[in-house]
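J.: I'd like to ask you about the structure that follows.
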Amino acid sequence: MKEMMYYNINDGYPESIVRGYRRSLLTSSQYGTLTQSETLDDIKLQLSATDYGNFLQNEPPPLTTGVIADRLTERLVSEFNYLRRNSVDPLSKFLEYVTYQYFIDNVILLISGTLHERDPADLLHKAHPLGVFESMPALSVASNVQELYNIVLVETPLADYFRGCLTGHDLDEMNIEVIRNTLHKAYLEDFYDFCVNDLGGTTGVVMKELLEFEADRRIINITINSFGTELSKEDRLRLYPRCGKLSRESPAKLSAMNDIDAVKAVCDNYGEYQHLFRDMNRSERTLEDRFFEQEVRLNLLSFHQQFHYGIYYSWLKLKEQEIRNIVWISECIQQQQKERISDFVPTL
Amino acid sequence: MPEMGTLFRSELMCRCQLYLPPEAAYNCVAELGELGLVQFVDVNPEVSSFQRQFVSEIKRCEEMERKLRFIETEVIRENLDVDQDEIEPMAPAPREMVELENSLTTVENNLTEVNTNYVALRKNHLELTEYKNMLKQAEIFLSETRFNFQDSDETTRLLDDPEENGVSDVKDEHASMKFNIVAGVIDRARQVAFEKMLWRVSKGNVFIKFSDIEEEMEDPKTGNTLYKSVFMIFFQGEELKTRVQKICEGFHAAVYPCSEHGKERRERMMGVNTRLEDLHTILTQTTDHRHRLLLAASRTLKSSYVKVRKMKAIYHILNQFSLRDSQRVLIGECWMPTADIPAIKSAITTGAQNAGSSVVPTIERVPTTEDHPTFNRVNKYTIGFQALIDSYGINSYREVNPSVYTIATFPFLFAVMFGDAGHGLIMLSFALWMIIAESSLEKKRDISEIFNIFFGGRYIIFLMSLFSIYTGLIYNDIFSKSLNIFGTNWSTNMTFAANESAPLKLGETLMLDPKNPNQYTGVPYPFGVDPAWQAATNKIGFLNTYKMKISLIFGVVHMSFGVILSLWNKVSNRRYHEIFLEFFPQIFFLLFLFGYLVVMIFIKWLMYGANYADPFSEHCAPNLLITFINMMLFKKADVDPKLEGCHTDGMNYEIYMYSGQGGLQKFLVIFAVLMVPIMLFGKPAHKIYKRKQEAARRGTMRDELLGGDAPQEEEEEG
């Protein structure tokens, strides 16, 4: 009731904008015409009839998938920044939280890129624009975890999350992966706490669902990806975000698993994850795709409620999925792989 | 010429099929486009846009547009005026497309080439300028530290603080410790983060000096102004050196070699200065070349834009055609005003002739039951009024077009409210200026959106000003003052009698009596309001009730007129039930309440007067506002015993003006209120009834067709 009365004082405008953005997501018929395209120019033509408009009109030919992806991301970023600029606390805080995941990805991208001696300028170009921070270029200076923290991350919002991984010494492949998962774990738990306990209300209810799913996805992925690695049971348990449904109820069970059937057996106890492993061998859908489908479903649901911040998160996720879809379709066209063109996850 | 009076209704339209020979189709559509009288209908809506026939041509046009946009941005950046061509070019012939494409490509390539050179040169220039500034600052830094060193030599040596010592030791070649210097230029905005990062990486073991470069620099690519600072970092050790370099790289700081020896630095400085001078000459030449190139491009830019866009539009229309009869004919469908068919025919014939086609294109009318589009033929005088009406909603095909009446009513009603001849004159001069300078202003109308609104409505403003002058004269209001043209008919040169017992008081008012022939001639002022009212203390009271009454009269007449216009639509569309369900309730409601009020105004004006004897003297005139309120409330006002003169023959003239008024008023209100439910529910109820009837009819028809055993569910559905 209180939400209903006060929500629009500060958050009415951004909400109307984000709901407008959501309306402009591509529809299935628009996807249908996109998949019929023969060349990338057709894609451009098709997209010009959508909300994207003339966003590719000043690109000199030939058009490439990379250019399309860049422009799409630019669009997303400008829309997101518009929302950020028009928001006040606590929505602005919420939106800031949303960007931390890109922060983490950028940090990991730069460290692992430096490890493989890639060109720093190239790496910076690849970083997601929503997660760019001022001291990012200096990431390549750090040679071990301690330095990474002391030099670069200490004044970023990630500093709190990073404390959990200060034990590792060298930056090798395995450690980077561990750092990534630890950071994401800490971030998810913090964000979960912020949404459920600090914000509460409808936002709490909606974000709880979404973040639990995110956490469970991480748990399942960590479990499956750590089969046959030196990651011990305890290590694994340490990487599991504690806010997921799985980790609250059966973490020990999962951490001990050593093959996919066992994971499946655990997930079968959860209605929403049952279908993830169904017909795994027969269907062409990968686990990742199934997760994406589930994510899209959940995110669409959050638009059914009003007076909450979950829609911003959901819109961003859906838009990202849409970009992945358009890039996928463009890739298929560019590489003449039209038989797989429909293997995307529609956002509506 | 189309028949006169077409503005009263939208024009007669017909659906036509165009049969164009493919080789002449482009020219025919081009001619039609110049004519602007045809609305095309997509005949193959199911075909997706990239599978259509002329997609490649449209893509080529878009590519040309892209090049034009590129050239335009360059031209604008060069601050060149995009020339305004006097005459709009015709759509180019299809074969000219290649020519246009080639010329645009050449210009684009030349421009990119020059730009690349230009950017490279400017980048070089920027770097040299940076280097020059850095060397200049280095000179200051290093000489400063030298002085410091002289002063603090003893103490620092004793304390043996490496950092303090380091700074001063830079120039001291005999010092045991060797210090590295990294110097360069960085964006001023990044300075703080850069410093922080360096401090953190070195754990505080570097010494940094910054100095702003006063000179403004230009970004070689975008031409934006850049603000930079020179930095110098002093530190020890090789390991730190790689780190510092990495950070410099990460922060996009430009690092330049800086020698510790003053002599070497000065030599470098000289070199840089000569190189800068050389570069300057080359840069001016390139700039000139670029300027000439852009100047040439800017001359044809506008016309090229129009040409390309016309071409694109033509192919876009051709995409709505379909190729039939084994590719020998292009068929398209369109709407056109019936009156213009000959003009359209001659246009496509010209098109075919231009293309040198032997086949004559034909137009064939197709009967259709589809809703026809509304087309109101306007000229520069009526277009403003039509736009005004269209902003409220466009009428359906062949409905009465209210904009004809608006030409008179809108400016008039405006003037009734505005009502000042003086201000009207100012408006008139503004409107006249816009009308006289029409052709030159037409080109500038895009410059300001707000001016465009005024310019578009210049004839409306013109009429409004004329009407305002007229009503202003009636109100006798000129710049809120009155003119005494004909001489007032009230005697205002009264003499005040004063004596000692009754002295004249300041601000004393005097009542003029219209019955007294010494004070009023008995003849009204010939035109408008008597100027004597300007000086009266009850001026506002008098004019307000007067204006209120005329506004009511105009308002009710205007609204009734609108309702009557709707009757016209209903009759011509044969929707007779709407006459009873909409028109009559509306007009009754309006006339019985507000129409009656207007009637009362006239009765009051005619019956009562200041020079009439009781019971029709001015004292007895009832207050219409109170009367109307009492009418709605079914209440009778209290009889005022003080107004005895008004009570004769059992009538109270200060309450009711004629006998039986109370009864009539009750009837009118009840009748008017009864109209409300008809207006609300009449039409829906009628619709429901009709639908049921229709369903029943279809049911029986099916009964008859199927010989009695009709399916029952059909009826239930209805």
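J.: Can you run down the residue pairs with Cβ atoms below 8 Å, 6 or more apart or on separate chains, where the first is in region B:187-205 and away from every other protein chain (no Cβ under 11 Å) and the partner is open to solvent by 90 Å² or more (accessible area, probe 1.4 Å)?
T.: B:D187/B:Y227; B:D187/B:H252; B:R188/B:Y227
J.: For the list (1) open to solvent by less than 20 Å² (accessible area, probe 1.4 Å); (2) more than 14 Å from chain B (Cβ to nearest Cβ); (3) within 19 Å of the chain's Cα centre (by Cα), I need the number of the one condition that A:L110 fails.
T.: (2)
J.: At least 3 residues that are away from chain B (no Cβ under 14 Å) in each: list the helices (runs of 4 or more DSSP H) lying fully within region A:1-61 that qualify.
T.: Hits in region A:1-61: A:2-23.
J.: Now for a different question. Scan region B:90-103 and give yes if some residue there is within 14 Å of another protein chain (Cβ to nearest Cβ) and farther than 21 Å from B:H252 by Cα, otherwise no.
T.: yes
J.: Give me a count of the residues in region B:69-87 that are in contact (Cβ under 8 Å) with a residue 60 or more places away in the chain and either within 14 Å of chain A (Cβ to nearest Cβ) or loosely packed, with under 12 Cβ neighbours inside 10 Å (or both).
T.: Residues that pass the stated criteria total 6.
J.: Based on this model, can you work out whether B:I626 counts as among the β-branched types (V, I, T), open to solvent by 40 Å² or more (accessible area, probe 1.4 Å) and either in contact (Cβ under 8 Å) with a residue 40 or more places away in the chain or in a helix (DSSP H, G or I) (or both)?
T.: yes
J.: I've got another one for you. Would you be able to say whether some residue in region B:18-25 is out of contact with any helix residue (DSSP H, G or I) (no Cβ under 8 Å at 6 or more places or on another chain) and either within 14 Å of another protein chain (Cβ to nearest Cβ) or in a loop (DSSP other than H, G, I, E, B) (or both)?
T.: For region B:18-25, residues out of contact with any helix residue (DSSP H, G or I) (no Cβ under 8 Å at 6 or more places or on another chain) and either within 14 Å of another protein chain (Cβ to nearest Cβ) or in a loop (DSSP other than H, G, I, E, B) (or both): absent.
J.: Oh, and also: Name the pairs whose Cβ atoms lie under 6 Å apart, with the first residue in region B:248-264 and within 14 Å of another protein chain (Cβ to nearest Cβ), the second assigned to a strand (DSSP E or B) and open to solvent by 30 Å² or more (accessible area, probe 1.4 Å), and 6 or more positions between them or separate chains?
T.: Listed pairs, sorted by first residue: B:C248/B:V255.
J.: If you take the residues in region B:208-223 that are open to solvent by 60 Å² or more (accessible area, probe 1.4 Å) and in a strand (DSSP E or B), which one is farthest from B:L126 (Cα to Cα)?
T.: Only one residue fits best here, namely B:D212.
J.: Another one. Does any residue of region B:388-403 turn out to be under 30 Å from B:L543 (Cα atoms), outside any loop (DSSP other than H, G, I, E, B) and of a type in the set (S, T, N, Q)?
T.: No - not one qualifying residue is present in region B:388-403.
J.: May I ask you to verify whether B:I460 is surrounded by 10 or more Cβ atoms within 10 Å (Cβ to Cβ), within 29 Å of B:L413 (Cα to Cα) and touching a residue at least 60 places away in the same chain (Cβ under 8 Å)?
T.: yes
J.: When you go through (1) at pLDDT below 80; (2) among the hydrophobic types (A, V, I, L, M, F, W, C); (3) in a helix (DSSP H, G or I) one by one for A:I176, which number turns out not to apply?
T.: With respect to (1) at pLDDT below 80; (2) among the hydrophobic types (A, V, I, L, M, F, W, C); (3) in a helix (DSSP H, G or I), A:I176 is out only on (1).
J.: Let me ask something else about it. So, of the residues in region B:224-267 that are part of a helix (DSSP H, G or I) and among the aliphatic types (A, V, I, L, M), which turns out to be surrounded by the fewest Cβ atoms within 10 Å (Cβ to Cβ)?
T.: Result: B:L240.
J.: Hey, can you tell me all the residues within region B:443-478 that are assigned to a loop (DSSP other than H, G, I, E, B), modelled with pLDDT of 90 or more and within 16 Å of the chain's Cα centre (by Cα)?
T.: Scanning region B:443-478 gives a single hit, B:G457.
J.: Out of A:H128, A:H184, A:H116, I need the residue that is more than 14 Å from every other protein chain (Cβ to nearest Cβ) and without any contact (Cβ under 8 Å) to a residue 24 or more places away in the chain. Which one?
T.: A:H116
J.: In addition: Find all pairs meeting these conditions: Cβ atoms under 8 angstrom apart; at least six residues apart or on different chains; first residue within region B:46-63 and more than 10 Å from chain A (Cβ to nearest Cβ) and free of Cβ contacts under 8 Å to residues at least 60 places away in the same chain; second residue open to solvent by less than 50 Å² (accessible area, probe 1.4 Å) and in a helix (DSSP H, G or I).
T.: B:R60/B:M97; B:R60/B:E101
J.: Here's something else I'd like to know. State yes or no: is A:V67 assigned to a helix (DSSP H, G or I), farther than 23 Å from A:V296 by Cβ and either open to solvent by less than 40 Å² (accessible area, probe 1.4 Å) or within 14 Å of chain B (Cβ to nearest Cβ) (or both)?
T.: Here the answer is yes, as A:V67 does meet what is asked.
J.: May I pose another question? If I filter region B:499-522 for residues that are under 30 Å from B:P411 (Cα atoms) and surrounded by 10 or more Cβ atoms within 10 Å (Cβ to Cβ), do I get at least one hit?
T.: No, that holds for no residue.
J.: Right, next: Filter region B:570-604 for residues that are among the charged types (D, E, K, R) and within 39 Å of the chain's Cα centre (by Cα); which is most open to solvent (accessible area, probe 1.4 Å)?
T.: By that ranking, first place goes to B:R574.
J.: Can I ask one more? Any idea which of (1) closer than 19 Å to B:E34 by Cβ; (2) surrounded by fewer than 18 Cβ atoms within 10 Å (Cβ to Cβ); (3) not hydroxyl-bearing (S, T, Y) is the one B:V360 doesn't satisfy?
T.: Result: B:V360 fails condition (1) only.
J.: For B:D288, only one of the following conditions fails: (1) more than 47 Å from the chain's Cα centre (by Cα); (2) open to solvent by 80 Å² or more (accessible area, probe 1.4 Å). What is its number?
T.: The one condition B:D288 does not meet is (1).
J.: Only one residue in B:V230, B:V244, B:V201 is within 51 Å of the chain's Cα centre (by Cα) and aliphatic (A, V, I, L, M), so which one is that?
T.: None of the others qualify; the one that does is B:V230.
The values are calculated or read from the model by the stated rules, or taken from the named source; none is laboratory data. As the structure is a prediction and not an experimental result, all values here were calculated from the model. When we count neighbours, we look across all protein chains shown, and the Cβ atoms used for this are built from the backbone with ideal geometry, even at glycine. These area figures cover heavy atoms from the full protein model, side chains too; ligands, DNA and RNA do not enter into them. Shrake-Rupley method; radii C 1.70, N 1.55, O 1.52, S 1.80 Å.
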